[in-house]
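Colleague: My questions all concern the structure below.
The values are calculated or read from the model by the stated rules, or taken from the named source; none is laboratory data. Everything numeric here is computed off the predicted structure, so don't read it as measured data. Heads up, the Cβs are rebuilt from the backbone with ideal geometry, glycines too, and the neighbour counts pull from every protein chain shown. When the accessible area is computed, the model is the full protein with side chains, heavy atoms only, and any ligands, DNA or RNA have been set aside. Shrake-Rupley method; radii C 1.70, N 1.55, O 1.52, S 1.80 Å.
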Amino acid sequence: MFGPVQIKLNRKTLKEAQVIIFTCMTTRAVHLELVTDRSSDTFLMAFRRFASLRGQPSTCWSDCGTNFVGAQDYLDEMKKTWNLEKLKSTLAQEFSCDLKWEWNTPTASHQNGVVESLIKSVRQALDATCKNQTFTEEQWRTFFAEISFVINGRPLYPSSENIWESPPITPNDILLGPHVTPPQPSPEDRVNPRDLTRSTQQRIAEFWTSWMKYFAPTLLPRNKWYRTREILQTGDLVLEIDKKHRRTQWKMAVVVATNPGVDGLVRKVKIKTQSGQYDRPIHKLCLIATNQELHSSA
């Protein structure tokens, strides 16, 4: 949970709200919920909205916030009053309401590193674009729903051998199944703030630009080379990082040739995209799947 964000109630009245980030540790999907305070009851209602839309999780990991710990006590007390036998017979024979809740070590968020890097990039982009912004509640909810869709549109793995005919699998595909992407208006230089729809879309476009700035480094680590790393090879599937693309547009490419240096390390490769072939430095490419992985999965 982080914040606050400012909700505009009328011309002179503002109200502070918080945002909860839910992240799937398997698919890295993201879900954002707007809450009006940090109480346990508010969190419980946000959790129920999340579970209703995304499905009930079996195991949850969270930080040791006092509101989350309070929610755990409430959940334990609430489960004692449930008639499990009635629920099982009514809903399904295999119905199970067990919910395992795990806590990270206090002040050790790095132990949850599989999702912390994604959460960090989202929070940084939100701070850069919305830290001092004031929206109505409808605008905020629309904004968080759309940027969740944008974040969950990033590619995870190719869906078939022909990457040009079948788009790669994304968290949205896992969450929604086959779907049609909502229309994306072109960004405008100046937008009337009274036009709620256009001003919200403009803010979403700014979030995309900012998020790519913070998200790309998590895909392309630039740590000091203390040991030799695996180099790109011909046939590898890569993602070209280009911040100028419109949101939800990702450029997939296949490495068709490598250019090793005198030391045998590859720093430049030739890639093939749907529009043609050209050279790119390796720090602009993110490896999605190796040539061996693609052939073994086929």
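Colleague: Can you give me the number of residues within the stretch 202-242 that are part of a helix (DSSP H, G or I) and either at pLDDT 75 or above or of a type in the set (Val, Ile, Thr) (or both)?
Modeller: Number satisfying all stated conditions: 15.
Colleague: Here is a follow-up. Please count how many residues of the stretch 55-80 are open to solvent by 90 Å² or more (accessible area, probe 1.4 Å), within 25 Å of residue 4 (Cβ to Cβ) and either at pLDDT 80 or above or in a strand (DSSP E or B) (or both).
Modeller: 1
Colleague: Would you call residue 186 under 22 Å from residue 214 (Cβ atoms) and at pLDDT below 80?
Modeller: When the stated conditions are applied, residue 186 does not pass them.
Colleague: Please count how many residues of the stretch 162-173 are of a type in the set (A, V, I, L, M, F, W, C) and either at pLDDT 90 or above or assigned to a loop (DSSP other than H, G, I, E, B) (or both). First the steps, then the outcome.
Modeller: The first filter runs over the stretch 162-173 and keeps only residues of a type in the set (A, V, I, L, M, F, W, C), leaving 163-164, 169.
Okay, now just the ones that are also either at pLDDT 90 or above or assigned to a loop (DSSP other than H, G, I, E, B) (or both), so 163-164.
Looking only at that region, the number is 2.
Colleague: In the stretch 9-39, which residue that is under 29 Å from residue 172 (Cα atoms) and among the small types (Gly, Ala, Ser) is surrounded by the most Cβ atoms within 10 Å (Cβ to Cβ)?
Modeller: Across the stretch 9-39, the extreme among qualifying residues is 29.
Colleague: If you don't mind, there's one more thing I want to ask. When you go through 159, 148, 199 one by one, which is the residue that is surrounded by 13 or more Cβ atoms within 10 Å (Cβ to Cβ), at pLDDT 85 or above and either assigned to a loop (DSSP other than H, G, I, E, B) or among the polar types (S, T, N, Q) (or both)?
Modeller: 148
Colleague: Within the stretch 102-135, work out how many residues are outside any helix (DSSP H, G or I), modelled with pLDDT of 65 or more and open to solvent by 30 Å² or more (accessible area, probe 1.4 Å).
Modeller: Looking only at the stretch 102-135, we keep the residues that are outside any helix (DSSP H, G or I), and these are 102-108, 131-135.
Pick out the ones that are also modelled with pLDDT of 65 or more and you get 102-105, 131-135.
Now drop any that are not open to solvent by 30 Å² or more (accessible area, probe 1.4 Å), which leaves 102-103, 105, 131-134.
The number of residues fulfilling the criteria is 7.
Colleague: Give the stretch 1-54 a look and list any residue that's within 21 Å of residue 176 (Cα to Cα), basic (Lys, Arg) and outside any loop (DSSP other than H, G, I, E, B), or say none.
Modeller: 48, 49, 54
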